[in-house]
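Worksheet for the structure shown next.
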Amino acid sequence: MTRKSVDPQRVREEIAIAAARLIAEEGLDYSSAKRKAARQVVGQARVAGEWLPDNDQIEEEIREYQSLFQSDSQPAVLRRLRAIALDWMKRLAPFNPYVTGAVLNGTAGEHSDIHLQVFCDNAKEVAIYLLNANVQYDVSETRHFGGRGAVETLSFLWRASRAEEPVGMHIALYDTDDLRGAVRADARGRAARANAETLEALLAEDGGASLTS
């Protein structure tokens, strides 16, 4: 891929399309999908950064893929995940919860998990709440969205009834001070996280408000 005749922009597009399919069909995260897609397109284990698409480009390709191949199923899946996220945000209201990731931006599919972030003074209270609710969770770490190390994350599978498919839940525990500036929109006017009120409005827009009742 070092020949001058090869157009880096076209290669990025091909990698983005391949990565989007891997995310939509196999549930890979962006980083893993990008690496696997690069190997498929370029045929090399390691690819220079100039050949790789950014996450925004991949996200746009996910939307395109879903509109073409999953339009009959993805909207309902998204509504269900948003309804579950909203339910949990209401439960976690004392801990200032925010939703982020594919459930917020609208690209969540059947392989997607729900990612919440809470901002509170005592993260142990969140763990205690889950224990009192008989929720068994695993503890891991997630990279801090501000690039400041890692934060503890509580993960578990959740379903409201045995008839439902379980959904992966991840609750990242942040300090209250971390919320400063965290809800500002980016250059494209998009927010990386949203509170329960915003998520409820999104559900109402897509006709899923009744799923939360």
Going Cα to Cα from Lys124, which aspartates and glutamates come in below 20 Å? Please leave out same-chain ones fewer than 8 positions away. Asp138, Glu141, Glu152, Asp175, Asp177, Asp178
What label, among [x] 32, 20, 16; [y] 26, 20, 17; [z] 30, 19, 16, belongs to semi-axes √(5λ) of the Cα gyration tensor in Å computed from the structure on display? [x]
Hey, got a sec? Which trypsin sites (Lys or Arg not before Pro) in the range 107-213 land in a DSSP loop and have at most 16 other Cβ atoms within 10 Å? Arg148, Arg159, Arg162, Arg180, Arg184, Arg188, Arg190
Share, in percent, of DSSP beta bridges within the chain that are antiparallel, nearest 5: 70
Inter-part distance where the range 123-191 and the range 66-92 are each reduced to a Cα centre, Å: 17
On each of the three principal axes of the Cα atoms of the range 8-69, give max minus min coordinate, whole Å, ordered largest first. 30, 21, 15
Cleavage-rule hits (chymotrypsin sites (Phe, Trp or Tyr not before Pro)) in the range 138-213: DSSP loop, at most 15 neighbouring Cβ within 10 angstrom: Phe145
With only helices counted (DSSP H, runs n ≥ 4, each -39500 (n - 2.57)), the per-residue ellipticity at 222 nm for the chain, to the nearest 500, works out to -13000 deg cm²/dmol
With a ≥ b ≥ c from the Cα gyration tensor eigenvalues, square-rooted, and the rule rounded for a/c under 1.5, otherwise prolate when a/b > b/c and oblate otherwise, the range 127-208 is oblate
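We did not get these values from a lab; they are worked out from the coordinates using the rules stated. These numbers were taken from a predicted model, which means no experiment stands behind them. As a convention, Cβ positions derive from the backbone with ideal geometry for all residues, glycine included, and neighbour counts pool all protein chains shown.
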